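Here's the structure, in structure tokens; my notes come after.
The values are calculated or read from the model by the stated rules, or taken from the named source; none is laboratory data. What you see is a predicted model; the values in this text were computed from it and never measured. Counting neighbours? That spans all protein chains shown, and the Cβs are built from the backbone with ideal geometry, glycine included. Note: areas computed on protein heavy atoms with side chains; ligands, DNA, RNA excluded. Shrake-Rupley method; radii C 1.70, N 1.55, O 1.52, S 1.80 Å.
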Amino acid sequence: IVWHSRDLVALKPIGGWLGRRAERIVAISETVHAHLAGEIGSSQRLVTVMNGIDVVGLRARSRGATRPCSYPEDTIVLATLGQMVPWKRQDVFLEAAAQVAKACPRARFLVVGDVPPGGDPAIRDQLMARAAAPDLAGRVTFTGRCEDVARLLPWIDGVVHPATREPFGRIVAEAMALECPVIATKSGGPAEIIADPRHGILIESASAPAFATAMLELAGNQDLRRQLAMAGRQRIERDFDVRRVAQSVASIYDDVTGGK
């Protein structure tokens, strides 16, 4: 038994039972690794293989991407992408956006994603009501579910990810791979992906004022956007390419099976 764990979920009492029977337990981040160690009461069989990104395929799909919104050329577009669940904290993004809007009239904001199956539609309603308030009216676009972020990311000036309970943060890695600067909460998987200030901007907590400050810095500094874009891309190419991840997973299976 090889158990791949990709989320932060409560596993007791079954976690300990399964943990004793698995030859290896593969976590997609150190954050998930630490969570599992607490759930199963041991870390002896736990290994971490960070999630992989198909960088080549992502870039191929991104070619020719155009802005779906009729924004002026000098518009600064800041976006948050992800399912509408409480811990993604799109509410923090909108509160920060309201502060940014006051100081940066050319900024526009995207909320990409929707309520997942079985989720609470009230979350969407609350976000849309907030975006309709006078300080944000006409500045926020809700795209709904996006089937391929590679068609969006190339023309976004910054991805804002205020999630507070993120096991990995695929959108963070995908944005970096496509040279889109990222601002994220300093917790969970994103803090592992953005391992250096050159890779992106990390905020200590999901604080709207702190995110607003970082968003304004990004919006007003083209050189910073360019530097983060280049360093972020290099980070993903070096450490998160799916082929390298596949080799790591294959070596685990070879070890467990004796190469058979």
Inset, instruction - Evaluate region 165-186: report whether one residue or more is assigned to a helix (DSSP H, G or I) and among the basic types (K, R). - result: yes
Inset, instruction - Would you check which residues across region 23-38 are closer than 22 Å to G189 by Cβ and surrounded by fewer than 20 Cβ atoms within 10 Å (Cβ to Cβ) and list them? - result: R24, E30, H33, A34, A37, G38
Inset, instruction - Quick one: in region 237-256, of everything that is under 18 Å from E192 (Cα atoms) and hydrophobic (A, V, I, L, M, F, W, C), which residue is most open to solvent (accessible area, probe 1.4 Å)? - result: V242
Inset, instruction - Give region 83-94 a look and list any residue that's open to solvent by 30 Å² or more (accessible area, probe 1.4 Å), closer than 15 Å to A208 by Cβ and either aromatic (F, W, Y) or not in a helix (DSSP H, G or I) (or both), or say none. - result: R89
Legend entry - Matching residues, region 95-116, being crowded, with 23+ Cβ neighbours inside 10 Å and more than 19 Å from L153 (Cα to Cα): A96, V100
Inset, instruction - Read through the list (1) closer than 16 Å to L94 by Cβ; (2) buried (at least 18 other Cβ atoms within 10 Å of the Cβ); (3) not aliphatic (A, V, I, L, M), then give the number of the only condition that G138 fails. - result: (2)
Legend entry - Inter-residue pairs, beta-carbon under 6 Å, first in a helix (DSSP H, G or I) and in region 220-242, second acidic (D, E) and open to solvent by 70 Å² or more (accessible area, probe 1.4 Å), 6+ apart: A229/E179; R233/E179; V242/D54
Legend entry - Sole exception among (1) in contact (Cβ under 8 Å) with a residue 60 or more places away in the chain; (2) touching a strand residue (DSSP E or B) at 6+ places or on another chain (Cβ under 7 Å); (3) within 20 Å of E30 (Cα to Cα) for R165, by number: (2)
Inset, instruction - Output the residues belonging to region 139-156 that are part of a loop (DSSP other than H, G, I, E, B) and at pLDDT below 95. - result: R145, C146, E147, D148, L152, I156
Inset, instruction - Output the residue which, of all residues in region 176-186 that are touching a residue at least 60 places away in the same chain (Cβ under 8 Å) and either in contact with a strand residue (DSSP E or B) (Cβ under 8 Å, 6 or more places away or on another chain) or more than 15 Å from L81 (Cβ to Cβ) (or both), is surrounded by the most Cβ atoms within 10 Å (Cβ to Cβ). - result: M176
